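Novice: One structure, as structure tokens, below. Some questions next.
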2 protein chains.
Amino acid sequence: MNYEDLATKLKALADPVRLNILEFLRQPIESCCSQSDGVCACDFETLLGLSQPTVSHHMKLLVQAGLVRSEKRGRWVYYEIETATFAQISQYLTHFQQAALAAR
Amino acid sequence: MNYEDLATKLKALADPVRLNILEFLRQPIESCCSQSDGVCACDFETLLGLSQPTVSHHMKLLVQAGLVRSEKRGRWVYYEIETATFAQISQYLTHFQQAALAAR
DNA sequence: TAGATATATCGAAATATGTCAATATATCCA
DNA sequence: TGGATATATTGACATATTTCGATATATCTA
């Protein structure tokens, strides 16, 4: 992964609204989900108080960056955390931690 | 750490130029350092081909976000990775990895 | 099939970001 | 002390980002 790609993923992560979205995907609150079988885009409109196009925009960025996986089922688009990408980012950040720098 | 603070740190991280800077701070190349006792701001001008004010701007963001620590010695400002902040970010990201989500 | 609902796209506006040249400030050294 | 050097700040400009209303598309259901 080069710096451009990594920066794209980090940029997608680096926004308070999207951090909120990711947090909800990580720990969905059942009573805030309109559907029983997953978290869909429309749930975030009420959750975040943002317009539908704005939510759609943020979801697109998250999917494009590979942080989130989407699946269309019927009228709804469902989202889930893409754990592998987070693992990849975490892996990179370990290089900047105490142990890694001490071992140089 | 709230989402605004975290987003500030991630935003500072989410730029190819700054990723380059951090990578160099993590593994400095002696022959690219004008001083023998550390990495200073001016080293990045030649390294990145950017103007002095631009480098200064990026360093300021990195320091403000807590990703980098600076120390002025004489005419030079020396920089080092702030490992604790990286540990903090890494820690947060572990919540989005396979093991954490499986354990919900 | 027609209306309702979920999502995507487009275009516009406001704000944020990255970059530079010019200039200011601080520090060294001859 | 005065010139040279490293860094910071300012102001300007181009580009990117966030947000929305309007509209398009897809799908369900009555």
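The values are calculated or read from the model by the stated rules, or taken from the named source; none is laboratory data. Since the model is a prediction, treat every value here as computed from it, not as a measurement. Here Cβ is always computed from backbone atoms with ideal geometry, including for glycine, and neighbour counts include all displayed protein chains. All accessible areas refer to the heavy atoms of the entire protein, side chains included, with ligands and DNA or RNA removed. Shrake-Rupley method; radii C 1.70, N 1.55, O 1.52, S 1.80 Å.
Novice: Given a 1.4 Å probe and every protein chain left where it sits, what share in percent of the accessible area of the stretch B:3-102 is carbon and sulfur?
Specialist: On the way: 2530 of 5020 Å².
Carbon with sulfur: 50 percent of the solvent-accessible area.
Novice: Would you mind computing Rg(Cα) / (2.2 N^0.38 Å) for chain A, counting N as its residues? It would help to have the intermediate numbers written out before the result.
Specialist: On the way: Rg = 15.7 Å, N = 104, 2.2 N^0.38 = 12.8 Å.
Rg over 2.2 N^0.38 Å, computed on Cα atoms: 1.22.
Novice: Shortest first, in nm, what separates the label point of B:R75 from those of the same position in the other copies (7 Å along Cα→Cβ)?
Specialist: Listed shortest first, these distances are 7.0 nm.
Novice: How far is B:G38 from itself in the other copies, in nm, if each label sits 7 Å out from Cα along the Cα-Cβ line, shortest first?
Specialist: Inter-copy label distances (nm, one decimal, shortest first): 5.1.
Novice: Would you mind checking the pairs A:K9/A:K60; A:K9/B:K11; B:K9/B:K72; B:K9/B:K60 and listing those with alpha carbons more than 18 angstrom apart? All intermediate terms of the calculation are to be shown ahead of the outcome.
Specialist: Values: A:K9/A:K60 12 Å; A:K9/B:K11 11 Å; B:K9/B:K72 23 Å; B:K9/B:K60 12 Å.
B:K9/B:K72, as the Cα separations exceed 18 Å there.
Novice: Separate question: So what is the calculated 222 nm ellipticity per residue for chain B, using -39500 (n - 2.57) for each DSSP H run with n of 4 or more, over all residues, to the nearest 500 deg cm²/dmol?
Specialist: Details: 6 runs with 60 residues, N = 104.
Calculated from helices alone, the mean residue ellipticity at 222 nm is -17000 deg cm²/dmol.
Novice: If you average the alpha carbon positions of the stretch A:63-84 and of the stretch A:1-40, how far apart do those two centres end up, in angstrom?
Specialist: Each part's Cα centre sits 9 Å from the other's.
Novice: Ok, one more. Against the globular-protein guess of 2.2 N^0.38 Å, express the Cα radius of gyration of the protein assembly as shown as a ratio, rounded to two decimals.
Specialist: 1.16
Novice: Kindly report the accessible area of the stretch A:3-102 per residue (heavy atoms of protein chains, probe 1.4 Å, no ligands, DNA or RNA), in Å².
Specialist: Working: 5020 Å² over 100 residues.
I get 50 Å² per residue for this part.
Novice: Normalised by the residues of the stretch B:3-102, what does the relative contact order come to in percent, with Cα pairs under 8 Å and at least six apart? The partial results should precede the final answer.
Specialist: Values: 84 pairs, mean separation 24.6, N = 100.
Taking the mean separation of contacting Cα pairs over the length of the stretch B:3-102, I get 25 percent.
Novice: What does the charge count near B:K11 come to, summing +1 for each Lys or Arg and -1 for each Asp or Glu among other residues with Cβ under 14 Å from its Cβ?
Specialist: +2
Novice: Follow-up. Placing the label point 7 Å from Cα along the Cα-to-Cβ direction, what are the distances from B:R104 to the equivalent spots in the other copies, shortest first, in nm to one decimal?
Specialist: Copy-to-copy label distances for B:R104: 3.9 nm.
Novice: Which trypsin sites (Lys or Arg not before Pro) in the stretch B:1-89 pass both tests, a DSSP loop state and at most 12 other beta-carbon atoms within 10 Å?
Specialist: Numbers: sites: B:K9, B:K11, B:R18, B:R26, B:K60, B:R69, B:K72, B:R73, B:R75; in loops: B:R75.
Sparse-neighbourhood loop trypsin sites (Lys or Arg not before Pro): B:R75.
Novice: Charges at C-beta only: +1 for Lys and Arg, -1 for Asp and Glu. How large is the resulting dipole of the protein assembly as shown about its Cα centre, in Debye rounded to 20?
Specialist: So the magnitude is around 60 debye.
Novice: Please get the size of the charge dipole for chain A, origin at its Cα centre, with Cβ charges of +1 on Lys and Arg and -1 on Asp and Glu, quoted in debye to the nearest 20. Intermediate values should be presented prior to the final figure.
Specialist: Working: 10 positive and 11 negative charges, 46 e Å.
The calculated dipole for chain A is roughly 220 debye.
Novice: So how much accessible surface do B and A hide from each other in total, probe 1.4 Å, in square angstrom to the nearest 100? Don't skip to the end; give the middle numbers.
Specialist: Numbers: alone 6940 and 6940 Å², together 10920 Å².
Accessible area lost upon association: around 3000 Å².
Novice: While we're looking at this one, here's another question. Using a basic spin-label model with each label point 7 Å from the Cα along Cα→Cβ, how many nm lie between A:S34 and A:Q98?
Specialist: If labels sit at A:S34 and A:Q98, their model points lie 4.8 nm apart.
Novice: Which of the listed residues, B:I81, B:F96, B:V63, is farthest toward the dipole's positive end in chain B, when Lys, Arg count +1 and Asp, Glu count -1 at the beta-carbon?
Specialist: B:F96
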